[in-house]
Amino acid sequence: MRDQIVVKRYAKAYIDFAQPKIGVDQCVKEMVSLKKLLREERDLEDFLKAPGIQRSEKVRILNLVLKDNFSEETITFIDYLILKRRILNLVDIANEVRLKFAHGELIDIVLRTTFPLELDLVLRIKEKLEAKLNKKTNLYLELDPDLLGGVQIVIGNTVIDGSVRNRLFQLKKKLLQSQVI
């Protein structure tokens with residue numbers, strides 16, 4: 001369990017570190033290539049994991065072996081793993097990066113309505129949301145008769161509520177707050 005938490009943290013840290021310079025897609029590609037390289041070249045993996053070899057020697061060999069096919073950010077990240085004695089988790093971290101970030105920076109959005117919407121309307125809503133958020137999205141439709149009408153959009157922890165139910169609730173709140181003379 002503890003190793004899984006470490007793997008997730010380091011995978012996220014790698015993306016946060018490398019993404020601004022090389023992008024998420026390149027980060028994923030490099031981790032997939034690195035995993036493949038380590039699987040094919042067991043000697044390299046054994047070398048990186050060997051406790052008796054100095055870190056400076058590992059970094060020197062890393063730079064020689066990886067400099068043509070991997071970014072400086074990925075090589076620096078592997079060096080950091082060696083420094084923090086987390087190199088044993090490298091394959092798991094590469095897996096986590098691939099699994100979690102392979103779809104780029106997609107955002108899941110739930111669109112709730114009281115009745116099914118036409119496909120072209122759904123596509124227009126998706127386009128508008130992607131333009132507004134400046135990110136690609138996965139749009140999921142959900143029918144919710146409790147809304148009474150209108151739509152509700154859920155983006156992560158943010159809810160944009162344009163439903164009739166919400167409008168009635170807001171109206172009720174205002175009426176209860178107002179004083180009758």
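Just to be sure, is Lys29 of a type in the set (Lys, Arg), more than 30 Å from Lys136 (Cα to Cα) and out of contact with any Ser or Thr (no Cβ under 9 Å at 6 or more places or on another chain)?
So Lys29 fails the test.
Only one of these conditions is not met by Arg42: (1) basic (Lys, Arg); (2) within 30 Å of Val154 (Cβ to Cβ); (3) outside the structural domain of Asn134 (by TED's automatic domain parsing); (4) out of contact with any Lys or Arg (no Cβ under 9 Å at 6 or more places or on another chain). Which number is it?
Failing condition for Arg42: (2).
With respect to Lys128, determine if the residue is without any contact (Cβ under 8 Å) to a residue 12 or more places away in the chain and under 26 Å from Gly23 (Cα atoms).
Criteria met by Lys128.
Filter the range 13-32 down to the residues that are small (Gly, Ala, Ser) and either under 16 Å from Asp92 (Cβ atoms) or touching a His at 6+ places or on another chain (Cβ under 9 Å) (or both) and list them by number.
Answer for the range 13-32, where residues must be small (Gly, Ala, Ser) and either under 16 Å from Asp92 (Cβ atoms) or touching a His at 6+ places or on another chain (Cβ under 9 Å) (or both): just Ala13.
Sort through Ser71, Ser56 and tell me the only one that's outside the structural domain of Ser163 (by TED's automatic domain parsing), polar (S, T, N, Q) and at pLDDT 90 or above.
Ser71
Does the range 99-110 include one or more residues that are of a type outside the set (Val, Ile, Thr), assigned to a helix (DSSP H, G or I) and modelled with pLDDT of 90 or more?
No; the residues of the range 99-110 include none that is of a type outside the set (Val, Ile, Thr), assigned to a helix (DSSP H, G or I) and modelled with pLDDT of 90 or more.
Which of (1) closer than 30 Å to Ile160 by Cβ; (2) in contact (Cβ under 8 Å) with a residue 24 or more places away in the chain; (3) exposed (fewer than 13 other Cβ atoms within 10 Å of the Cβ); (4) of a type outside the set (Asp, Glu) does Leu83 not meet, given it meets every other one?
Unmet for Leu83, out of (1) closer than 30 Å to Ile160 by Cβ; (2) in contact (Cβ under 8 Å) with a residue 24 or more places away in the chain; (3) exposed (fewer than 13 other Cβ atoms within 10 Å of the Cβ); (4) of a type outside the set (Asp, Glu): (1).
The values are calculated or read from the model by the stated rules, or taken from the named source; none is laboratory data. The shown structure was predicted, so the numbers you read here are calculated from the model rather than taken from an experiment. Neighbour counts run over all protein chains shown; Cβ positions are idealised from the backbone, glycine included.
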